[in-house]
Amino acid sequence: MQYVAPIGIGVLYALLMSLVREPHRRRLNAVMVAGAGAAYLSGGGLGGWEFAFTALITYVAFRGLDSWTFIGVGWLLHTAWDVVHHLKGNPIIPFAPTSSLGCAICDPVIALWCLWGGPSLIDLVRHRGRGHRHDSANSTPVEAAGRPGTGEPVPSGSSN
């Protein structure tokens, strides 16, 4: 259960975030990854490196305000930081010794969803029964633009 629950938490996170419409969903996720990047600061398990990591993730999160790719990279960086803390630092939750390991399992699930462009999983499931993934009437502005996470239109003659 120690390994399965974090995967479920990552999926639940993506499902709950699916309730937020674009572009607010992307911006909220940028704020969330910034907060996750500062989660270890009070534990101080890795000394000054905690501040260096927080500065790095803050920059990545700022770039994530306009890019799902940066948000996904931010979650992958946090995954690596979770592994380091599991092996050498303090756990993210002081009274749960394997909490950093759980976070290291959960975060890549969120990262994959973000690198996919943070689509509404609810809309994907809803449209699956209709035999297509999205239609422009029900897709978010980012999805309708053709390049998930960028907001850039697809040049004529190109495909996703």
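The string of couplings for region 121-126 from the Karplus curve (6.51, -1.76, 1.60, θ = phi - 60°) is 5, 5, 5, 4, 5, 4 Hz, one whole number per residue in order, with x for Gly and Pro. Spatially, region 32-65 and region 83-109 are offset by 15 Å when compared through their Cα centroids. Given H placed 1.01 Å from N in the peptide plane, which residues other than close sequence neighbours of residue 43 have an amide H under 5 Å from its amide H? HN-HN under 5 Å from residue 43: empty list. For the pair residue 127 and residue 96, label points projected 7 Å from Cα toward Cβ lie 3.4 nm apart. Inter-label distance, residue 16 to residue 2: 2.4 nm, where each label sits 7 Å from its Cα along the C-beta direction.
Calculated accessible area for region 2-91 comes out at 53 Å² per residue, all protein chains present (probe 1.4 Å; ligands, DNA, RNA ignored). A Förster radius of 22 Å combined with the Cβ-Cβ distance from residue 62 to residue 41 puts the calculated FRET efficiency at roughly 0.80.
Highest mean first, what order results for 97-107, 45-55 on Cβ atoms within 10 Å?
97-107, 45-55
The values are calculated or read from the model by the stated rules, or taken from the named source; none is laboratory data. Since we're looking at a predicted model, the values are computed, not measured. As a convention, Cβ positions derive from the backbone with ideal geometry for all residues, glycine included, and neighbour counts pool all protein chains shown. In case anyone asks, the SASA skips ligands and DNA or RNA and just uses the protein heavy atoms, side chains included. Shrake-Rupley method; radii C 1.70, N 1.55, O 1.52, S 1.80 Å.
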